[in-house]
Amino acid sequence: MLVLNRQPGEAIVIGEGIRIVVLSSDRRGVRLGIEAPLSTVILREELVREVASENDRASNPDAAAAWVARLQPRKDHRD
């Protein structure tokens, strides 16, 4: 992993045509701007993980059935 220090307004270039600019930085985090060709897919990592997890669950019938069962309303078993 390459670790860089950048200030607002500074950028890094990845390959040909991808430029990442630091827009601002504060206690809440860093705002980045990404310039890339329209053909480049840019996704937040947590969304990629969520989609992969859902795809895995969908491809595993037992896991999918268990997930659907958790969504069903529970019946009250009080006597």
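Size of the range 7-55 from its Cα atoms: along the principal axes, largest to smallest, the extents are 38, 31, 14 Å.
Computed from the C-beta positions of V13 and N55 and an R0 of 22 Å, the FRET efficiency is 0.10 to the nearest 0.05. Computed extension length for L47-L4: 13.0 nm, one decimal, from 0.36 nm per residue of separation with the Cα-Cα distance subtracted.
Bear in mind these aren't lab numbers, they're just calculated from the coordinates by the rules spelled out. Fair warning: this is a prediction, and the values are worked out from it, not measured in the lab. With ideal geometry, Cβ positions are generated from the backbone for all residues, glycine too; neighbour counts draw on all protein chains shown.
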